[in-house]
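In what follows, a structure is listed as structure tokens, so that the remarks can point back to it.
None of the figures in this text is laboratory data; all of them are computed from the coordinates on show. Just so you know, these numbers come straight off a predicted model, no measurement behind them. Here the Cβ positions follow ideal geometry from the backbone for every residue, glycine too, while neighbour counts run over all protein chains shown.
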Amino acid sequence: MSDKPGWTSPGSPSPDPDNGPQQSPPPQGPPPPAGGPPQGWGQAPGGWGQTPPPGWGGRGPTPLAPKPGVVPLRPLTLGELFDGAVSTARAHWRTVLLISLGIAIVTQVAATIAMRLFLSDSEGLDALENNPDPTDEELRQALGDLAAFTSVTGIVTLLGSVLATAMLTMVVSRAVLGRGVTLEEAWGDSRSRLLPLLGVVLLVPLLAVLAVAVPAFALALTGSAGLAALGVVGGAVLAVWLYVRLSLAAPALMLERQGVIASLRRSAKLVEGTWWRIFGIQLLMLLLVVVVSGVIEFPATAIAGFIDGEGTSSLTGDIGDMTWTYLILSGIGAVIAATLTLPISAGVTALLYIDQRIRREALDLELARAAGLTGETDPAGDKGPEAGGPDHDGPER
């Protein structure tokens, strides 16, 4: 994100008055009698879209919040978060499709090749399936093949996730302001942040794993299986709490241009006091991704198994019998599922970050200025989009 007045998407020009807003407010006049926000899109005491309380002289309902892009510039509801992610994919479908489809294809091709090389032709795994008492050499070979497959797919998936998160977050940041974005612009905006984002993507799950492993290991040293199990359960709860608390670090790093540790702290500050809400939205998003992926991948896998006779055995767990035909056909289903779910998960997370800043820091005012919905100049000068600064913690709206 460039250091320009308001919250400007990376590489975008400053708002140009000649371009005209979608719905311009009246010219700036004297301050309102009550010292309230500018007329037309300020939040009235009764809340957005609600009728003011009696005694206000019958001024009528509060004006609707401006909507220069995919979401209105006000605190977002659950439906608006998901609708905004879908609307972003629809409004910028070429860019979003190229990003998500390209990453899905590369990731799945690597996984398919690795599965065929390390699992389907693995003598060690064949021995484990057919021999109830495998030798030590067969066990070592099976574990080595599994480790190689996991390493290849894990690294490729990790890099693909980082690239998708970075570029799709940039697309969302422009879509909120109603601005278009090409693939080249999304790449140019995000490439300088890929290494720091990789650090965040690695560090967050690592901290979650340590939250489970450390208490479980400490209690296991007592020799009590019950205490060890209690440590695992307690660690799992701590891991979920920590993961949700740090779940907004990626968009904070991309949009505020902060470092890895600063982004983790920023996420913790934004989530503070609203943990359960963030948890519920993230859980719903995860369930949606799982359901959509299952609806697409299961039929594709079944069809692949029936088309390729030998591939049907993989449906019952015979990994060694998977053929190239089966792997390619089932991989097509996985590519389609990833192409559809990547924009949703990245979009909801980015919009959730924006929503938290609107609620805590009145970021909607800065976004409105950046979108050209007011003639005011930015009082923050060239400080960029961090309304109130990273440490600002105003009242939540």
**OP:** Could you tell me the distance between the Cα centroids of segment 323-346 and segment 274-303, to the nearest Å?
**Re:** 14
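What translational diffusion coefficient, to the nearest whole µm²/s, does segment 97-242 have by Stokes-Einstein, given a Kirkwood radius computed over alpha-carbon pairs, a temperature of 37 °C and 0.692 mPa s viscosity?
Working: Rh = 18.8 Å.
Estimated via Stokes-Einstein, D reaches 174 µm²/s.
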Subject >> Convex hull (Cα only) mean projected area of segment 177-281, reported in nm² to one decimal >> reply: 8.6
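How high is the relative contact order of segment 75-367? Use alpha-carbon pairs under 8 Å, at least six apart in sequence, and give a whole percent.
26
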Original post:
For segment 147-164 and segment 185-211, what is the separation of their Cα centres, given in Å?
Top reply: 13
Original post:
Listed highest first by mean packing, meaning other Cβ atoms within 10 Å per residue, what order do 218-225, 231-238 come in?
Top reply: 231-238, 218-225
**OP:** Any chance you could list the semi-axes, whole Å, largest first, of the equivalent ellipsoid that the Cα gyration tensor gives for segment 75-367, using √(5λ)?
**Re:** 36, 27, 16
